[in-house]
Every structure is written in structure tokens, then in C-alpha cells.
């Protein structure tokens, strides 16, 4: 028992040597990944506001967020494998940056599509108005002739003197 206590205290007092990355590098990679995920979220939100279908982007963004959460959890729990934490953070940042670029492209194409749809609607409305005016003009000429013929074909009636 005393030997076990001695060995455990010796283990606590000896400095831990971690090969690979230090804590500052781990924290920096987590912060960079967090900024990348936040930036990607904003880009996806803007693409959705522009009318783009962001379903696939959200799935990829959720995956990046899950990787970041796992890296943060390992870091908080004092994992001794900093290489894994940095790899998870870097993967998260890489996916988030890819999502951000795709969201920007989707937003641009959505806005372009909206512009072309708006131009089509303006042109189609103008043509529709011209066609409506043309048919109303034809109808007016027809109705004017019909009304004139109907009025001229009426026979006047003689009525008694109303003033008397």
C-alpha cells in the first residue's frame, strides 16, 4: 500500500513531457477553428437570406462544429494528445473555410438568379400590358361600332307633350 502511494505521488510530481504541440499552439488552433466556424455560419446565413438552398452547407458546417466541439472537449478534459486536438481543430477550420467559400458562391449565384428573374418579370409585365392595351383598343372599336349600329337602328317613339 505504501509502495502504491509512493509510486502515485512520484507520478504526480514528475514533469510530463508531451511530444508534439504545446498548449499555446493547441489554444491557437482551437481559436482559429472557432473563428472559421463562426465566419462560415455567417456566410451560410447570408446565402440563405439571398435565397440559396443551404441544406448541404449546413450538414458540412455541423460536421465542422462537431469536430471543433470534440477538440474543445479534449482540451478542457486535459487530454495529453495535443496532436489529435490540433488535427481536429485544423480539420474543422478546413471544412468551415470550404463551407464559407461555397456559401459565398451560392449567395452570388442566388443574387444573380434573382436579378435575371426580376428582369424577366419586368419585361413580361411590359409585354403583357401592351397586349392588354392592344386588345382593349380592338374591343373598344368593335363596341363603338356595335353601339353606333344599335343606336341608329332604334326607332324613335312619339310621346305626348309632357310640358302641358
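The values are calculated or read from the model by the stated rules, or taken from the named source; none is laboratory data. Note that the structure is predicted; figures quoted are calculated from it, not measured. All Cβ positions, glycine included, derive from the backbone under ideal geometry; neighbour counts span all protein chains shown.
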| Residue satisfying all of: in segment 67-81; part of a helix (DSSP H, G or I) and without any contact (Cβ under 8 Å) to a residue 24 or more places away in the chain; surrounded by the most Cβ atoms within 10 Å (Cβ to Cβ) among these | 74
| Residues of segment 86-116 being more than 20 Å from residue 56 (Cα to Cα), without any contact (Cβ under 8 Å) to a residue 60 or more places away in the chain and surrounded by 14 or more Cβ atoms within 10 Å (Cβ to Cβ), which ones? | 87, 88
| field | Output for segment 39-86, where each listed residue is closer than 14 Å to residue 29 by Cα and under 9 Å from the mean Cα position of the chain (by Cα) | value | none
| Restricting the search to segment 46-66, which residues are surrounded by 14 or more Cβ atoms within 10 Å (Cβ to Cβ) and part of a helix (DSSP H, G or I)? | 46, 47, 48, 57, 58, 60, 61, 63, 64, 65
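Yes or no, residue by residue, for (1) modelled with pLDDT of 85 or more; (2) in a helix (DSSP H, G or I); (3) surrounded by fewer than 16 Cβ atoms within 10 Å (Cβ to Cβ):
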{"position": "3", "(1), (2), (3)": "no, yes, yes"}
{"position": "7", "(1), (2), (3)": "no, yes, yes"}
{"position": "34", "(1), (2), (3)": "yes, yes, no"}
{"position": "42", "(1), (2), (3)": "yes, yes, yes"}
